[in-house]
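What follows is a short report on a single structure.
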Amino acid sequence: MPECTGHAGRFAPTPSGRLHIGNVYAMLAAWLSARACPGGRIALRIEDIDVPRVVPDADRWIMDDLAWLGLDWDGEPVYQSQRGEIYESALRALASRPMPEAAAAVAMAASSDSHESECGRAGIDSTGIGDAGTGPRNAIRGVPLTADAAAAPTAAGLVHDSSLIYPCFCSRAEIRAASAPQEGDGFTVYPGTCRQLLLKNPDEVRGRLAAGAQHSFRIAMPPAQSPLASIAFEDQIFGVQRFDLARDVGDSVVRRSDGLFSYQLAVVVDDLLMGVDDIVRGRDLLRSTALQIWIRRQLLAAGFGVDSMQGFGSVAASGTNHGAVQQPDQNPSAANPRYTHLPLIDDGTGRRLAKRDRDLDMGALRESGANPRQIIGYCAWLLGLREPGDPVPVPMTPDEALKLFRRDGWNDLRTDPTDREIKPDTISHFMDCRDA
């Protein structure tokens, strides 16, 4: 592998149940990618912002399983549920940005300007990883996080007809009925109903808000054929990915009607302010990456977090060429991360492995007598990390897997990026290898 230094990755589990073998596969990949470089760090972020999905004690199970497997992390765990104040600040920063139609005109006027804005530098620790015992901190102000993430959304100051953020009154059923079917990655492209309502009849929108109508907030995508319309990035496994934001992504929720901030907003804010520059996750989030790049660029263009970011280099603002492929160099930054999307793990029927597959979760595997080396070895085998001539998984420690990763990297997955299937015969071998 080429020389590298100082990557910052993250584990980002949702505490909705016990980890399963597919989660461990992705977490091992993130750990290997971060630890492969001297000085690499990896944070543990508990993504508990979606309160209805949270299972009591699941965060403790996750940390216990990671420690048992030998997958360590740096610093104290960060909980999204404690970061509501930060997400509120981010939402207001986005609301200060213009609707993409106006931004596109600015970008066209500035397209000949090749220089990029520089991030400011200040003395506040922005990593959110830090030393053990510091706990999660507000990276904007450097104070403990106490805000309630489920506080009711405030429309005041967020709603005007030229803002990047707008209220949406549509129900899920209405959105599904008006939307074209999409791929099976959880995306439904919103047709822009309430965006048009705000542009054509802003008084009606204000009236609904004044009357207390339930609403979410969405971030607008740029129109087709504008200089901002396309997002492209290079993935470490799947190569160049290009998405038309209006057609492939659509205006997306950043705050839900129940007051909870969306995953798409929270993950960008956290990665940015925690200094994460190495993002490893499943290929089902390729399309989400395009949306998250758009959100990240708009936050940076609004100056969000810039005064608390240290040494992250140049930032792509609204006047840059958004259609160009985002290619992090050998030293990616939180403003321009390196992306690796993994093939998914399917069960024997072709379905994506999920927490409903109880017999493959960590609780069941540990109860059955499986040991950490077996599980790490099996996940390393799924990642293509093996010695020549090994047709089946070989038990190993994370450090042993790291030696193979430093030698081979993602070469096997690049050669064959198809989804991995857990077959009964490999599981049988895996469970029969009872070494210490």
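Rule-based calculations on the coordinates, nothing more; no lab input. On a predicted model such as this, the values are computed, not experimentally measured, just so you know. For neighbour counting, all protein chains shown are included, and Cβ atoms are generated from backbone atoms with ideal geometry for every residue, glycine included.
Observations
- Distance in nm between pseudo-label sites at residue 387 and residue 96 (7 Å out along the Cβ direction from Cα): 5.8
- Per-residue Cβ neighbour rank within 10 angstrom, fewest leading, 240, 78, 55, 189: 240, 55, 189, 78
- For the stretch 202-268: rounded, prolate or oblate by the Cα gyration tensor [a/c cutoff 1.5]: oblate
- Per-residue Cβ neighbour counts within 10 Å put 66, 291 in the sequence 66, 291, beginning with the fewest.
- Positive-pole candidate from 42, 68, 94, dipole of the stretch 28-95, charges at beta carbon: 94
- Sorting 257, 216 from the fewest to the most surrounding beta carbons within 10 angstrom yields 257, 216.
- Packing-based ranking, highest mean first, of 297-305, 226-234 given that Cβ atoms within 10 Å are counted: 297-305, 226-234
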